[in-house]
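A.B. asks: Please find one structure pasted underneath; my questions will follow.
Read the figures in this text as sums done on the coordinates, not as results from a lab. None of these values were measured; they are calculated from a predicted model. Every residue, glycine as well, gets a Cβ built from its backbone with ideal geometry; the counts of neighbours run over all protein chains shown.
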Amino acid sequence: MTGPRVAYLILSHKDLAHVEALAARILELSPAGEVVVHHAAAEVPWDGVPPPRTHLVEPIPVLWGDWSLVEASLRLMRFAADTLDADWFVMLSGDDRPVRDLAAWERELHASDIDGLVPARELTMRPSFGRRPSADDLNYARYALRWRALPHTGHRWWRSILGPVRRISRYTQPVFKIEYAPRRETWVVGLFRRRRLPVGWALYSGSQWMALHRRAVTALFATDASVLQWFRHSWIPDQGFFQTVLHNNRGLRLRSEALTYVVPHTSEKRPAWMVLRSEDLEAISRSGAAFARKFDPAVDQRVITMVDAAVDASRHLPSERSP
């Protein structure tokens, strides 16, 4: 059986050396794979001349929490569909690293007869007036309300006004919510909207790091304009658009299974909590995920070396059928 054509799609905006090393490691583990990179920064990986089986798409400016992240992801998918005729589309960040033998993982994926690994959960907790909001309330409001960013200002009096308004808005989420986005140093406001999603649709939220068969990608390309417009005005749409569109498509067979391992957000305080360390190796292995993030050699270089060694060792294990 001919193996699948797999395109590894990387969204990145920093650390050129890490992005280039990630692409090289993917291609080492995936003999027939292709890597496509959208790098939203002035500097360009490989000085604009990527090596074989590696491609750069024309980047667009992206903002955290903004529709531009979805647009950049769709741009990667479109390139992989039109230029590479890919069977599978694997969405990654520039902070990822393979933690399994990709050749073996690709074979498993191709034989699974599913249309994607799309980790997500349905948002069923609708906010109500006067109730202290839960995390589900917050997620629901991010996709149910119509959001816009307020003009940026560094005036302290502006924060002194909006801070109390934000606290009050925790109890008015059905019609009004305000949040502060520290990554963009701006305030965003969500307001009630009368237009609804298609009848019978539920909202979903989850990881934007997914593995999609071309059937799922074709469904994304066919998304109705009204749904696109809805999510253009949501907040952090990359964690809601793909998940909602795909999980509401009853013709797709999806598994809500993690493609990428991420350190759980617990009450335990640790600096740069998402960055992986050597003590996370056991949890990474138990997860069964094909990738993990975030790797930062400035925090712990050993974990990268140890992960690579474990993957390399698994590639050379004798077959179970060997005498």
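A.B. asks: Given N residues in the chain, what is Rg(Cα) / (2.2 N^0.38 Å)? Could the numbers behind the result be given before it?
C.D. replies: Numbers: Rg = 20.7 Å, N = 323, 2.2 N^0.38 = 19.8 Å.
Against the empirical 2.2 N^0.38 Å value, I get 1.05 for the chain.
A.B. asks: Go ahead and estimate [θ] at 222 nm for the chain from helices alone: -39,500 (n - 2.57) per DSSP H run with n ≥ 4, summed, over the residue count, rounded to 500.
C.D. replies: Numbers: 10 runs with 112 residues, N = 323.
When only DSSP H runs of four or more count, the value is -10500 deg cm²/dmol.
A.B. asks: Here's something else I'd like to know. With angles folded into 0 to 90 degrees, how steeply does helix 297-315 sit against the dominant principal axis of the chain? Use alpha carbons for both and round to 10.
C.D. replies: Computed tilt is about 50 degrees.
A.B. asks: Ok, one more. Determine the sum of side-chain charges near S205: Lys and Arg each +1, Asp and Glu each -1, restricted to other residues whose C-beta is under 13 angstrom from that of S205. Walk me through the numbers before you get to the answer.
C.D. replies: Numbers: positive: R121, R142; negative: E122, D136, D137, D238.
Charge balance in the 13 Å sphere: -2.
A.B. asks: Who wins for biggest fluctuation among L220, L63, L212 in a Gaussian network model of the chain, springs between alpha carbons below 10 Å?
C.D. replies: Top of the fluctuation ranking is L63.
A.B. asks: Please find, in a Gaussian network model of the chain (springs between Cα atoms separated by less than 10 Å), the residue of A21, A80, A292 whose mean-square fluctuation is greatest.
C.D. replies: Of the options given, A21 has the highest mean-square fluctuation.
A.B. asks: With a point put 7 Å past each Cα toward its Cβ, work out how far I60 is from R166 in nm, to one decimal.
C.D. replies: For the pair I60/R166, the computed spacing is 2.8 nm.
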